[in-house]
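The values are calculated or read from the model by the stated rules, or taken from the named source; none is laboratory data. Owing to the predicted nature of the structure, the values given are computational and were not obtained by experimental measurement. Using ideal geometry, Cβ is built from the backbone for each residue, glycine included, and neighbour counts are taken over all protein chains shown. Side chains included, ligands, DNA and RNA excluded: accessible areas come from the protein's heavy atoms. Shrake-Rupley method; radii C 1.70, N 1.55, O 1.52, S 1.80 Å.
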Amino acid sequence: MPREPEPLTLAEVARRAVEVADPNDRDALLGQYFLQFEDADEPITAVQNLEERVALAAEGVDADADDPSIAVANAVIIYLAHRRDEFDDDPEDILRLAVRAEWRGDPPQAVLAWLADAAG
């Protein structure tokens, strides 16, 4: 009899967000960002105030909140928390949908420039 899959943890979703935002593992800041979640083994569905927890982790590595890669990783975590069925989807699709959801189709200029650079 098939079993339900194990629920995704916050650490797994954060790892996936960093992989989506930095597929070539070149951004040291995103590596530091992931460390904020490394031991977060609670199911993502059980995390209270997820947006606040993600914002605090971002502040831990980007105090000025101006790094677009961190903003995008935040968006991906929040997106995948609500769309867990898309966890294994194409990274470009996840990125596009997360950015659209986070900024309602109108991301900040820094994020647009980051996306263009990431795609190029």
> Would you say A17 is open to solvent by less than 90 Å² (accessible area, probe 1.4 Å), among the small types (G, A, S) and in contact (Cβ under 8 Å) with a residue 40 or more places away in the chain?
Replying inline: yes
>> Anything in segment 20-32 that is in contact (Cβ under 8 Å) with a residue 12 or more places away in the chain, closer than 21 Å to A116 by Cβ and either assigned to a helix (DSSP H, G or I) or open to solvent by 40 Å² or more (accessible area, probe 1.4 Å) (or both)? List them, or say none.
In response: V20, A21, P23, D27, L29, L30
> What single numbered condition from (1) in contact (Cβ under 8 Å) with a residue 60 or more places away in the chain; (2) open to solvent by 30 Å² or more (accessible area, probe 1.4 Å) fails to hold for R100?
Replying inline: (1)
> Which residue pairs have Cβ atoms closer than 8 Å, lie 6 or more positions apart in sequence or on different chains, and pair a first residue in segment 104-120 that is over 15 Å from V20 (Cα atoms) with a second residue that is of a type outside the set (D, E, K, R) and surrounded by 14 or more Cβ atoms within 10 Å (Cβ to Cβ)?
Replying inline: P107/V99; P107/L115; P108/P68; P108/A71; A110/P68; A110/A71; A113/P68
> Which residues, counting only those in segment 12-27, are more than 11 Å from A73 (Cα to Cα) and modelled with pLDDT of 95 or more?
Replying inline: E12
> Taking segment 88-110, which residues are out of contact with any helix residue (DSSP H, G or I) (no Cβ under 7 Å at 6 or more places or on another chain) and in a loop (DSSP other than H, G, I, E, B)?
Replying inline: D88, D89, D90, R104, G105, D106, P108
> Looking at D64, D85, which is the one that is open to solvent by 40 Å² or more (accessible area, probe 1.4 Å), out of contact with any Gly (no Cβ under 9 Å at 6 or more places or on another chain), without any contact (Cβ under 8 Å) to a residue 12 or more places away in the chain and not in a loop (DSSP other than H, G, I, E, B)?
Replying inline: D85
>> Please go through (1) within 12 Å of the chain's Cα centre (by Cα); (2) open to solvent by 20 Å² or more (accessible area, probe 1.4 Å); (3) of a type in the set (V, I, T) for T9 and return the number of the only condition it doesn't satisfy.
In response: (1)
> Are any residues in segment 44-59 surrounded by 13 or more Cβ atoms within 10 Å (Cβ to Cβ), out of contact with any Leu (no Cβ under 7 Å at 6 or more places or on another chain) and not basic (K, R), and if so, which ones?
Replying inline: T45, L50, V54, A55, A57, A58, E59
